[in-house]
Every structure is written in C-alpha cells, then in structure tokens.
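The values are calculated or read from the model by the stated rules, or taken from the named source; none is laboratory data. Since we're looking at a predicted model, the values are computed, not measured. Counting neighbours? That spans all protein chains shown, and the Cβs are built from the backbone with ideal geometry, glycine included. Keep in mind that these areas ignore ligands, DNA and RNA; they rest on the heavy atoms of the full protein, side chains included. Shrake-Rupley method; radii C 1.70, N 1.55, O 1.52, S 1.80 Å.
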Amino acid sequence: MSTVQHLINGELVSHGGRTADLFNPSTGQVIGQVELADRATVQQAIDAAKAAFPAWRNTPAAKRAQVMFRFKQLLEQHEAAIAQLISTEHGKTLEDAAGELKRGIENVEFACAAPEILKGEYSRNVGPNIDAWSDFQPLGIVAGITPFNFPAMVPLWMYPLAIVCGNAFILKPSERDPSSTLYIARLLEEAGLPKGILSVVHGDKDAVDALIEAPEVKALSFVGSTPIAEYIYAEGTRRGKRVQALGGAKNHAVLMPDAELDNAVSALMGAAYGSCGERCMAISVAVCVGDAIADALIAKLEPQIKALKIGAGTACGLDMGPLVTAAARDKVVGYIDEGVAAGAQLVVDGRGYRVAGHEEGYFVGGTLFDGVTPKMRIYKEEIFGPVLCVVRVGSLEEALQLINAHEYGNGTCIFTRDGEAARLFCDEVEVGMVGVNVPLPVPVSYHSFGGWKRSLFGDLHAYGPDGVRFYTRRKAITQRWPQRKTHEASQFAFPSL
Ligand code: NAD
C-alpha cells in the first residue's frame, strides 16, 4: 500500500508525520494512506511559492497561457487514468468521473485566454499630456481548500486561473480522495510550470489553519460544507485576506402542472441520483405544483429508482456507485430513519442496499419520500446522498416562498412550458444558479459559479470573469510626460480639467 505524498517545489515529499487511511468505498477496504501536513510542511510550500512568484509574475501572460495549453492536452491524454483514480477513491462511476474531468478542463481552456482576459483598460489624454490605464496584477500566494466530491473539477476551478493570472498557488485537497488531485497537479508540472508555483499539501484542519494564519497567503478559495465555509470566511477575512467560500446546498426543482413529464423525470433521475447525490448542485427536493403532477411524477419515478444500476464505481455501465465513506452512509441512513419517524411517506427505501460481491461497500439505494413538509429535518438539511423529497404546493408563488425561505441558495430549476412562469421564477427566486428545464445549471467556464445565502460567503463567485477579479487586484496608473520646453506651475486646488 502506498502513501500519498505532498508535492512541494516540484518534488514529492514525505515528512513521516500523521497519516489518514484511504478507503475504496465500493469494497470498504483500506487502499493506502495520505500524509497530513503540519505547520512546518505548509510553511515549506509557502517558502517555495515565495521564491518562485517574482519570476512567474513577470513571465508574459502568453507564455503562462502556453503552459495551460500543454496542460489541457495532457489532461485529455490521461483521462482514463484520472477517472480510474477518482472512481476508486470517491466511488462515483467512471463515466461520471470522466464528466467531472471534462468540466474541469473547460476551466483550463478559459485560462488559455490569459492574454485576453488580463488586458487592462487605457485612456489617452485624460488631462493635458496625461494618459491613464488600469492593470490587473496578481495577489501573490493564494490557497485553495477543496471538498471530496469533485477531486478533479473543483481544484481545476481554482488554480489554472489563479496561476495564469500570475499567482503562486497552494492547494489543500480533500484528505478522503487526494490521488487524482495530486496526479493532475503533476501533469501541470510536466506541462512546464516552474517549480514552487503550484504545491499540493494534504491534510486536515491543522493544514487549513496554517494556511489561514500565514500572512504570506493573500487569498483563500474554499469549497465544502457551510460550517467550514463560514469558519474559513470569518477567520480569513479577520486576517485581512480575500476569501471566497462556497458552502452546502439544498436544491429544489419546481414541477409546474404543464411540465413535459417524461423529460422532467429523466432530468430528475440524473440530478438526484447521479454521483449518489453527492453533488452540491444535486436536486434533493422536487416541489410539485398541484397533486396531479405530484402523483404522476411519483408513479414514473418509483419504478425507475427501483431499477437504478448500482455497483462498484469502477465497473462499467452503472448509474450510481457507493457513498464516499462509512460515516457518509450512516449519516444518509440516519436521515432516512428520521424522515420516516417524522411522518414522511417512504416510497422507495434505499436502506440496507447490498451489491453482490461488495458486501462491505458503502451503498445506499435510491430513496424517494413523498409528503415532506418544510419543518422536517430531511427538508431543511443537506443530506448529500441519493434521497429525493417531494413537497406538494398549490401555486408557483408558494413554491417561490418555500425556496426563498430556505437557508441555502445554490442551484434550482423549473420544469414548465410556460414562458411567463419561467420568467417570473428566474426573476424572483433567491438562488445563485437557475435552470429552466435544465436540472443541473452549472455555469460554463466563461460564466461564474456561485450560490446565494448560506451557499456562498464572499462577494465574488468561482472561476470565469469573477475568478479573474478574485485572483487579481486592480492598479490604476496615471502618467504624465511633460513637454520639455514648458513649465507648469504648482496647482493647489484638487486636480481637475
Ligand atoms: P468539508 O467541509 O467536510 O471539507 C472541505 C474541505 O475542508 C476539505 O479539504 C477538508 O479537509 C477541510 N476541512 C474539513 N473540516 C475542517 C475544519 N474543521 N477546519 C478546516 N478545514 C476543514 O466538505 P466535504 O464533505 O469534503 O464536501 C461536501 C460538502 O461540500 C457539501 O456540503 C457540498 O454541498 C459542498 N460543496 C459545495 C460546492 C459549491 O460549489 N457550493 C461544491 C462542491 C461541494
């Protein structure tokens, strides 16, 4: 069994300190260990970044972009190996793992446009012989802390853009599935990134706290659960850092009475049960406007949920793999128990799901509740498992009130053929990412990703144009070249035309 090491200054390093076990969630077996960084290890990454930053900052943006072009090619060449690593440690299916990588590569493609996206603004002759321009300059050393559920894509939301903007980056991936993240980072070195510009330190709270407390780290990008997002935002901003912290979610899909049902059902199946519900954009609540659509929806969902193909993520042709850890499985089962106790109607029960030959795997079958009310914990809290709750309401306005009253506001969607209803929904819903007949409205890389309310702490969303703003600071330069033969007298009034 091997130990996943840190990547610091272009070298794999091991400090022989604490480690954590890595599991294959499909078998429940320990398959390796990962190092857990202490403060000295984090400082080593910071020192490497400090030394590498000045030269990288002054490397032309077009040269920095060329590294990203090569990186994109390498990622595509290594897709199968990366998907295998993701699937083995996370449990998601190989197809789903390849899909997350493709969405990650989109962000590398966006970073390839660095010379264009970093172009400043210029105004000639803003005063006599005076020109002005504004420039986007890198922050210095920035850090990213990422969750287990997208070990390839979420880090790729962050460091390609941060690095192409001229920063040095320290990544602290999830300690539950770090291998694909490390593999990908090494490809960026192979693509020609100078040593020290990207380091990967594995670890837990100790490593994260060391990054938060280090004065050299100027900004933190975080993606994970809401309590940790809030903690990192509070502690980071208290120390004067720029922080964007993306948190948890409870995403509602509204089904209007005129929804095209078969398409809505297909969309909901993928959005609720894909990746075993372990997606921050997963649909976990179906809000049915009227009993007729609710009854019709449940009649179509029930047999499809019972027919889900579930097995080891690395097997081919499956719909769903296991949950990531035994603790995650127990938590999801606990929520199902609680929903039953609270009086929700359990239409499909995924508890006790067994996969032949994988009896120790962390499997939960697709689960469906009807008659869920806003007071129930299964409605209020993020379950992060293959559990869909149906809530029945009387009107679109009631659906909007329900969604807007929820503490989270990451994603949502509406299924309808009524343009007026869709437009009202888009205008009034208090959620950051909205789909119209699109169940997982994850923005493409040239838009930005972010929720509202307790799904995001900070002002700027992740990647895309907001990402460029987050990883750069603006400098406004005003320049005068006096003509040699003229002498201008001092002006004591505030300068104006
Ligand atoms: P998590 O919050 O447990 O962990 C995220 C990161 O924080 C990991 O790197 C982890 O090591 C670190 N961490 C954990 N505990 C910490 C502590 N006490 N102090 C400092 N750092 C700590 O999240 P997770 O279980 O890995 O991921 C699932 C969560 O992430 C879900 O809530 C999901 O909705 C959310 N998520 C959100 C988005 C989004 O874009 N909004 C995207 C993906 C996942």
*Can you name every residue in the stretch 106-140 that is closer than 18 Å to residue 67 by Cβ, more than 16 Å from the ligand (Cβ to nearest atom) and either open to solvent by less than 10 Å² (accessible area, probe 1.4 Å) or in contact with a Ser or Thr (Cβ under 7 Å, 6 or more places away or on another chain) (or both)?*
108, 109, 110, 111, 114, 138
*asked:* For the stretch 211-220, which positions are open to solvent by 10 Å² or more (accessible area, probe 1.4 Å) and within 14 Å of the ligand (Cβ to nearest atom)?
replied: 213
*Could you list, in sequence order, all residues of the stretch 299-312 that are within 21 Å of residue 332 (Cα to Cα) and in contact with a Leu (Cβ under 7 Å, 6 or more places away or on another chain)?*
301, 302, 305, 309, 310, 311
_Hits in the stretch 175-208 (condition: within 14 Å of the ligand (Cβ to nearest atom), open to solvent by 10 Å² or more (accessible area, probe 1.4 Å) and either free of Cβ contacts under 8 Å to residues at least 12 places away in the same chain or among the hydroxyl-bearing types (Ser, Thr, Tyr) (or both))_ = 205
_So, in the stretch 225-262, how many residues would count as being touching a Cys at 6+ places or on another chain (Cβ under 9 Å) and closer than 18 Å to residue 459 by Cα?_
4
*Of the numbered conditions (1) surrounded by fewer than 24 Cβ atoms within 10 Å (Cβ to Cβ); (2) within 16 Å of the ligand (Cβ to nearest atom); (3) farther than 20 Å from residue 463 by Cβ; (4) small (Gly, Ala, Ser), residue 271 satisfies every one except a single condition; which is it?*
(1)
_List pairs: first residue in the stretch 214-243 and among the polar types (S, T, N, Q), second residue within 14 Å of the ligand (Cβ to nearest atom) and open to solvent by 70 Å² or more (accessible area, probe 1.4 Å) anywhere in the structure, Cβ distance under 9 angstrom, at least six positions apart or on different chains._
226/407; 226/454
*Only residues that are touching a strand residue (DSSP E or B) at 6+ places or on another chain (Cβ under 6 Å) and of a type in the set (Gly, Ala, Ser): list them for the stretch 15-36, please.*
20, 32
_Looking at the stretch 470-485, can you tell me whether even one residue there is on the phi > 0 side of the Ramachandran plot and surrounded by 11 or more Cβ atoms within 10 Å (Cβ to Cβ)?_
no
